[in-house]
Amino acid sequence: GARELPENVDAAAADSLVRRALYFSGGIHKAFDADARWILVRVAPEVTSSSRPAYLQVLESTLLALHDAADEAELALLLGTLDGGDDDWNKAIAQHLRTPRLASLNLEVLLVAEEETEAIDVPDSGLAADLYDLPIALLECDAVISIAHAQVPLAAMMNLDGLARVTDAPPRPTQDPSNPHAVMVDQALLAEVSFTLTHLQLSGSPQMVLASRDGVAVDRVAAQIAGAASDSISLSALHMARSRFLGQSDLADIKVSGVEVPGTWVEVEEED
């Protein structure tokens, strides 16, 4: 699901357009079971100062929509990285959660750097390593919702960066812990994100929101919109993710509803 945002995003516009994007994606309610009791929301660990107001408005609208879809579940925001992250940005998010529209939701805030971790094996072995330290909260929650901010390709995958780290165990000869894309794919396998919404804000282009249960497809469409379709490094990372069954990286097999994205799948009407 995709919708274009106005240059100046106010609460009413963000609510309408975010909900439309969620609707076009098939609905955020399909990302978790009806009896889900604890849902983690992964917030972008870094957003530039000029982009923060728009991202916070999109975050606010998404949290309200998520609360409506899972009104019995406790929502917790996962901020920062295992190495700490941007403390000023974490404080800005926490302050925004006290605004009138969000204060009543009683959202829990978790700092990744303060969470207990556990060494976890990557399912079916990892590309960079087999064993990672992962916050226990990610293991105990019922669903993970990722709300990314894109000014570069791979924003949805990069939104998981810093949630896990390779342990001291030596990798196998076929693995490469120095390859950041391999590490990102391993982290995505461990995080098991149920739904991704990306706030796309590119210089010289309209703002958009992209929403899907397939975060790899979100990154692929974002790359196409950003004119990075020939970025072989980014696309190779997405194809790597697809090889691990994390999502769809072939543009022609991705259907976009809400806006027209050249190269994506379009239903062809059969002639009588």
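The values are calculated or read from the model by the stated rules, or taken from the named source; none is laboratory data. Predicted, not measured: the structure shown is a model, and the values here were computed from it. Cβ atoms come from the backbone with ideal geometry, glycine included; neighbour counts cover every protein chain shown. The accessibility values were calculated without ligands, DNA or RNA, using every heavy atom of the protein model including side chains. Shrake-Rupley method; radii C 1.70, N 1.55, O 1.52, S 1.80 Å.
So here's what we get for this one:
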{"read-out": "Selection from Leu190, Ala211, Gln175, by position along the positive dipole direction of the range 145-225 (Cβ)", "value": "Ala211"}
{"read-out": "Percent carbon-and-sulfur accessible area, the chain, ignoring ligands, DNA and RNA, probe 1.4 Å", "value": "47"}
{"read-out": "Average accessible surface area per residue within the chain, 1.4 Å rolling probe, Å²", "value": "47"}
{"read-out": "For the range 198-254 versus the range 104-134, the gap between their alpha-carbon centres in whole angstrom", "value": "24"}
{"read-out": "Cα centre as origin, Lys/Arg/Asp/Glu Cβ charges: the chain dipole, Debye", "value": "560"}
{"read-out": "The range 16-76, relative contact order [Cα under 8 Å, separation at least 6], %", "value": "56"}
{"read-out": "Centre separation in Å (Cα based) which lies between the range 150-180 and the range 1-36", "value": "29"}
{"read-out": "Value of relative contact order over the chain, rounded to a whole percent, pairs C-alpha under 8 Å and six or more apart", "value": "21"}
{"read-out": "Sum of side-chain charges, Leu200 neighbourhood, beta-carbon under 12 Å (Lys, Arg +1; Asp, Glu -1)", "value": "-1"}
{"read-out": "Beta bridges per DSSP with both ends in the chain, % antiparallel, nearest 5", "value": "45"}
{"read-out": "Neighbour-limited loop hits for trypsin sites (Lys or Arg not before Pro), the range 45-138 (at most 10 other Cβ within 10 Å; DSSP other than H, G, I, E, B)", "value": "Arg98"}
{"read-out": "Beta bridge orientation in the range 100-220: antiparallel %, DSSP, nearest 5", "value": "65"}
{"read-out": "Residue-wise HN-Hα coupling along the range 173-179, computed from phi with Karplus coefficients 6.51, -1.76, 1.60 (Hz; x: Gly, Pro)", "value": "x, 7, 9, 9, x, 8, 8"}
{"read-out": "Coordinate range along principal axes, alpha carbons of the chain, Å, largest first", "value": "55, 50, 38"}
{"read-out": "Summed side-chain charge close to Ile93 - residues other than Ile93 whose Cβ falls under 13 Å, Lys, Arg +1, Asp, Glu -1", "value": "-2"}
{"read-out": "Dipole-positive endmost among Val266, Leu200, Gln224 within the range 167-272 (Cβ charges, Cα centre)", "value": "Leu200"}
